[in-house]
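Report on the structure given below.
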Amino acid sequence: MAAPDASARMHHSTAETEGAVDLVLDHARRRILEEPPPLNRSRTPGELSRLAAGTLTEDGIGAREALSVFERILAPACVTLAHPRHLSFIPGAPTKAATAFDLAVSAANAYGGSWLESSGAIFAENEVLAFLAREFGLPAEAGGAFVQGGTLGNLSALVAARDAALRKRNGHRPPRWRVVCSAEAHSSLVTAAKVMDIDITLAPTGADGKLTGQAVERALGRYGDEVFAVVATAGSTNFGIVDDIASLTRLRPRHDFWLHVDGAYGLAAMLTPERRELFRGVELADSLTVDPHKWLFAPFDACALLYRDPGAARAAHAQDAAYLDPLHDAPGWNPADYAVHLSRRTRGLPLWFSLATHGAGAYRAAIARCLHLAEEIAEEIRARPRLSLVRDPELSVVVFRREGWRKADYTAWSNRLLREQTALVVPSSHQGEPVTRFALVNPAATREELIEVLDTMER
């Protein structure tokens with residue numbers, strides 16, 4: 001019998017492929033269970049070119065050598081989001097169950113766009129979406145899909161909103177379409193506006209940073225039917241501010257607009273009784289997003305996009321082609337019909353597995369722990385004469401300043417912390433003033449660790 005050629009060896013269970021699978025699974029197991037995980041740091045392009053170039057050859061370098069390059073050089077050049085002292089941007093802290101199940105999702109290699117091809121996976125994803133919809137007070141018929149991240153979620157929601165407005169107006173288009181949000185809204189809305197060729201109007205906020213119905217009504221009065229959507233932020237990235245969503249909903253009898261709630265980071269806090277009141281009005285939203293890879297302890301990447309009326313989203317997003325007819329003719333839910341995507345990974349499954357494994361109560365407790373830690377560390381900052389809070393934390397982002405420091409001082413301090421593998425805490429800014437912040441979404445973080453970071457500022 002002739003020896004299998006290279007193409008056959010790649011796709012069949014030979015000793016070579018079995019060895020590669022064993023190596024990778026062993027690496028994944030060690031990394032998932034590693035306690036504590038390494039913090040790691042980035043390297044320059046020149047360093048990586050010198051250390052890791054030349055791995056792609058005509059004959060291959062073999063699984064063992066490729067994995068060795070990854071373990072020794074590439075992985076240590078990726079900061080670990082799940083490290084308890086990764087305190088910048090909005091990190092992530094996936095459960096070990098969710099991370100492990102991501103391997104099963106990859107192994108299944110399911111096309112998650114249609115019920116015909118992935119009914120079991122989509123059923124499980126929809127169980128999670130229904131759970132979230134209940135938590136947020138949406139009606140039983142609400143539904144949507146898991147998409148890549150908050151940027152795609154916001155874009156998809158606004159595409160559905162504009163399409164719904166166009167249908168209501170019998171095809172009438174104003175000279176320009178317009179969305180109203182606040183200056184604290186996520187930068188992805190500007191990206192969505194560029195893609196859609198629409199305008200963004202920034203309504204002013206009060207001293208508390210919240211968008212209110214009063215400010216939005218002034219914009220609605222000025223721009224009229226140009227405004228097809230208003231976007232509320234449920235937990236801003238820089239401060240964790242939750243807009244006054246209830247006051248926005250009170251505008252609806254007098255003004256016709258789609259209300260989208262961007263809750264990518266903060267909306268998860270609705271799972272805790274002590275913060276639920278902050279989000280009053282979310283139950284009346286036309287669409288909303290929350291990112292499980294942020295504060296719902298799932299691995300990258302996942303955004304849960306929910307619609308009050310999924311039919312409106314389907315009218316905007318469903319793709320038509322002869323080869324897609326069998327998908328539309330079959331019964332069931334097709335996630336490809338509810339966002340700007342067709343091919344999609346069943347990225348909601350790791351969250352389903354972790355929720356099913358640990359229960360919603362464990363999730364509520366983990367989120368509450370982060371909220372309480374933010375309160376504790378804010379109190380610690382208040383007690384230190386050289387440090388001061390920029391604003392009391394509403395959720396789990398704590399923004400503060402070191403008196404007398406300029407931007408260069410924050411940058412040098414941040415670089416030193418990462419170089420010494422103490423923490424990742426990068427500078428930010430507020431009203432032109434350099435500040436820094438702790439984004440606390442990892443329940444493994446401790447007060448003692450955060451105090452050690454504060455101590456380095458005062459030294």
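The values are calculated or read from the model by the stated rules, or taken from the named source; none is laboratory data. As the structure is a prediction and not an experimental result, all values here were calculated from the model. Neighbour counts are summed over all protein chains in view; Cβ atoms, including those assigned to glycine, are modelled from backbone coordinates with ideal geometry. These accessible areas exclude ligands, DNA and RNA; they are computed on the full protein's heavy atoms, side chains included. Shrake-Rupley method; radii C 1.70, N 1.55, O 1.52, S 1.80 Å.
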Mean projected area (nm²) from the convex hull of Cα positions in segment 147-304 is 8.9
Any lysines whose Cα falls less than 23 Å from that of residue 96, other than same-chain ones fewer than 8 residues away, would be 294
Among the Cα-Cα pairs of the chain, the proportion with separation greater than 42 Å, in percent, is 21
In order over segment 71-76: 3J(HN,Hα) from phi, Karplus 6.51/-1.76/1.60, θ = phi - 60°, whole Hz, x for each Gly or Pro, gives 5, 7, 10, 6, 4, x
Residue by residue through segment 106-112, the couplings from Karplus 6.51 cos²θ - 1.76 cosθ + 1.60 with θ = phi - 60°, in Hz, x for Gly and Pro, are 5, 5, 5, 6, 7, 7, x
For segment 376-448, averaging the sequence separation of alpha carbon pairs under 8 Å that lie six or more residues apart and dividing by its residue count, the contact order in percent is 27
The answer for residue 86, listing residues at least 5 apart or on another chain whose modeled amide H is closer than 5 Å to its amide H, is 424
Over the Cα atoms of segment 133-176 the radius of gyration and the largest Cα-Cα distance (Dmax), both in Å, equal 13.6, 39
Sorted by chain and then number, the residues having a modelled amide H within less than 5 Å of the amide H of residue 265, at least 5 places away or on another chain, are 291
Projected onto the charge dipole of segment 315-432 (unit charges on the beta-carbon of Lys, Arg, Asp and Glu, signs +1, +1, -1, -1), the Cα from 399, 349, 418 with the largest positive-side position is that of 418
Note: segment 240-372 at 4 °C, 1.567 mPa s; Kirkwood Rh on alpha carbon pairs; Stokes-Einstein D in µm²/s works out to 77
Of 408-421, 117-130, 266-279, ordering from highest average Cβ density within 10 Å down gives 266-279, 117-130, 408-421
Out of 240, 268, 251 - ranked by how far each Cα lies towards the positive end of the dipole of segment 233-287, with unit charges on the beta-carbon of charged residues - the top one is 251
Label model pair residue 252, residue 42: point-to-point distance (7 angstrom along the Cα→beta-carbon line) in nm is 4.2
A student asked for the Cα radius of gyration and Dmax of segment 287-337 in angstrom ought to give 13.9, 40
A 1.4 Å probe over the protein heavy atoms gives segment 304-448 a carbon and sulfur accessible-area percentage of 50
Counting sequence-distant residues (5 or more places) and residues on other chains, those with an amide H built under 5 Å from that of residue 203 are 181, 182, 183
In nm², the average projected area of the convex hull spanned by the Cα atoms of segment 1-100 is 8.5
Given 353-362, 142-151, the highest-first ranking by average Cβ count within 10 Å works out to 142-151, 353-362
With every protein chain in place, the accessible area of residue 453 for a 1.4 Å probe, in Å² rounded to the nearest 10, comes to 0
Here the net charge surrounding residue 19, from other residues whose Cβ is less than 13 Å away from its Cβ (Lys, Arg +1; Asp, Glu -1), is -3
Taking N as the number of residues in segment 67-208, the ratio of its alpha carbon radius of gyration to 2.2 N^0.38 Å works out to 1.39
Extend 7 Å from the Cα of residue 127 along its Cα-to-C-beta direction; within segment 336-352, residues with backbone N under 19 Å of that point are 346-352
For segment 328-459, the Debye formula with one identical point scatterer on each Cα and no solvent gives log10 I(q)/I(0) at q = 0.16, 0.21, 0.22 Å⁻¹ as -0.86, -1.19, -1.27
